[in-house]
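Participant: Quick one: this structure, given as structure tokens, is what I'll be asking you about.
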Amino acid sequence: VPELPEVEHVRRQLRPAMEGARFERVTVRRRDLRRTLPGDFSSRLEGTAVRSLRRRAKYLLADLSSADTLVMHLGMSGSFSVSKGPVELSAHDHVAFEMSSGATVVFNDPRRFGSMRIVTGADIERDPTLGSLGPEPLDRRFDASALGAALRGRRTTLKAALSDQRVIGGLGNNYVTEALHRAGLSPRRRASTLVTRSGSPTPALNRLVKGIRAALLDALSSQDGDRFRVYDREGCRCLRRGCAGSIRRVVLGGRSTFFCAECQR
Ligand SMILES: [Zn+2]
């Protein structure tokens, strides 16, 4: 399931094909994605240009010359491919953008949990979905006070709190798991324990902010490959220097979580 680093990789892949280019032809083969694509989806895009392609949490946002915004989400199994010139669409290719750059961008999604919608003009500023998102973890303004404010009074586990898009935007099972290991914090720990009674950050919260950034930045700088230290490594030795523990798997909130009981408290 794509999380912030994967969505950012997609953005970097799509940018040269889409930014500054017009939608020349938009083909919709299936409208029943997570949200049904409206009948005028293609006509609202065709002829408009993409001013910029941004990312917010796990969403991709294309700012259009029409002042509208195309908001895209990969869901569980969505992916984009970029080809030169027209392409023959195959199974699960639901939407194709033929751009004036000469590139064809195809959205493929076997499970159809992905979504695309067009938000009209300034409505993007008060969009309920985007407006409910927590801070962007790689933003300069993201720090222990910002995260502390969101965790204060949360009686859920750290795992659940950090996976909640209203607390912090863009993390999911994998990177929450990685960040907690880097921070030396148990996924089962209660979220509110990282904030003092008066609401100020604890040293553990400072470690968590560093852990989140490090996990995301490592993933952004690596191309696929071996980017997880704990995720899916049940039974392996803990990679923290000086730790003799090994990685355990527990199920929290229906999802597998991996952690080292030795150094994550
Ligand atoms: Zn350990």
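Participant: Determine the shape class of segment 35-89: with a ≥ b ≥ c the square roots of the Cα gyration tensor eigenvalues, call it rounded for a/c under 1.5, and otherwise prolate if a/b is greater than b/c, oblate otherwise.
Facilitator: rounded
Participant: Between segment 195-265 and segment 107-139, what is the C-alpha centre distance in whole Å?
Facilitator: Comparing the Cα centres of segment 195-265 and segment 107-139, I get a distance of 27 Å.
Participant: Please give the helix 203-221 orientation as an angle from the longest Cα principal axis of the chain, in degrees from 0 to 90, rounded to the nearest 10.
Facilitator: 40 degrees
Participant: Does anyone have the angle between helix 173-183 and the longest principal axis of the chain? Alpha-carbon axes, 0 to 90°, nearest 10?
Facilitator: So the inclination is approximately 40 degrees.
Participant: Output the relative contact order of segment 7-59, whole-number percent, from Cα pairs under 8 angstrom with separation of 6+ residues.
Facilitator: Working: 46 pairs, mean separation 28.5, N = 53.
Relative CO of segment 7-59 lands at 54 percent.
Participant: Still on this model: Name the most mobile residue of Thr157, Thr177, Thr27, meaning the one with the largest mean-square fluctuation, in a Gaussian network model of the chain with Cα contacts below 10 Å.
Facilitator: Highest fluctuation among the options: Thr27.
Participant: Rounded to two decimals, what ratio of Rg to Rh does the chain give with C-alpha atoms and a Kirkwood Rh? Can you show the working numbers first?
Facilitator: Details: Rg = 20.2 Å, Rh = 19.8 Å.
With Rh from the inverse mean 1/r over Cα pairs, Rg/Rh is 1.02.
Participant: Relative contact order, percent, of segment 137-219 when contacts are C-alpha pairs under 8 Å separated by at least 6 residues? Provide the component values of the computation, followed by the final result.
Facilitator: Values: 118 pairs, mean separation 31.3, N = 83.
Reported relative contact order: 38 percent.
Participant: Per residue, how large is the accessible surface of segment 10-143? Use a 1.4 angstrom probe and give square angstrom. Mind dumping the intermediate values first?
Facilitator: Numbers: 6560 Å² over 134 residues.
Accessible surface, normalised per residue, equals 49 Å².
Participant: Run the accessible area of segment 1-91 with a 1.4 Å probe and give the carbon-and-sulfur part as a rounded percent.
Facilitator: In segment 1-91, the share of accessible area belonging to carbon and sulfur is 45 percent.
Participant: A further question on this structure: Please determine, in degrees from 0 to 90 and to the nearest 10, the orientation of helix 4-18 with respect to the longest principal axis defined by the Cα atoms of the chain, where the helix direction is its Cα long axis.
Facilitator: 20 degrees
Participant: Is the shape of segment 1-100 rounded, prolate or oblate, going by the alpha carbon gyration tensor and its root eigenvalues a ≥ b ≥ c, with a/c under 1.5 for rounded and a/b larger than b/c for prolate?
Facilitator: Values: a/c = 1.27, a/b = 1.08, b/c = 1.18.
Note, shape of segment 1-100 comes out rounded.
Participant: Now, a different point. Cα gyration tensor of segment 62-183, axes a ≥ b ≥ c as square roots of the eigenvalues: rounded (a/c below 1.5), prolate (a/b > b/c) or oblate?
Facilitator: Numbers: a/c = 2.60, a/b = 1.75, b/c = 1.49.
Prolate.
Participant: For the chain, what does the relative contact order come out to in percent, with C-alpha contacts under 8 Å and a separation of six or more? Show your work: numbers first, answer last.
Facilitator: Working: 539 pairs, mean separation 41.5, N = 265.
Computed value for the chain: 16 percent relative contact order.
Participant: Considering only protein heavy atoms and a 1.4 Å probe, what is the carbon-and-sulfur percentage of the accessible area of segment 127-265? All intermediate terms of the calculation are to be shown ahead of the outcome.
Facilitator: Working: 3230 of 6950 Å².
Carbon-and-sulfur percentage of accessible area, whole number: 46.
Participant: Next question, about the same structure. Please work out the Cα center distance from segment 1-79 to segment 141-158, rounded to the nearest Å.
Facilitator: 31 Å
Participant: Which GluC sites (Glu not before Pro) in segment 1-106 pass both tests, a DSSP loop state and at most 11 other beta-carbon atoms within 10 Å? Don't skip to the end; give the middle numbers.
Facilitator: On the way: sites: Glu3, Glu6, Glu8, Glu19, Glu24, Glu46, Glu88, Glu98; in loops: Glu3, Glu88.
Passing sites in segment 1-106 are Glu88.
The values are calculated or read from the model by the stated rules, or taken from the named source; none is laboratory data. Remember, it's a predicted structure, so these values are computed and weren't measured experimentally. Please note: Cβ atoms are built from the backbone with ideal geometry, for glycine as well, and neighbour counts cover all protein chains shown. Only protein heavy atoms, including side chains, enter the accessible area calculation; ligands, DNA and RNA are left aside. Shrake-Rupley method; radii C 1.70, N 1.55, O 1.52, S 1.80 Å.
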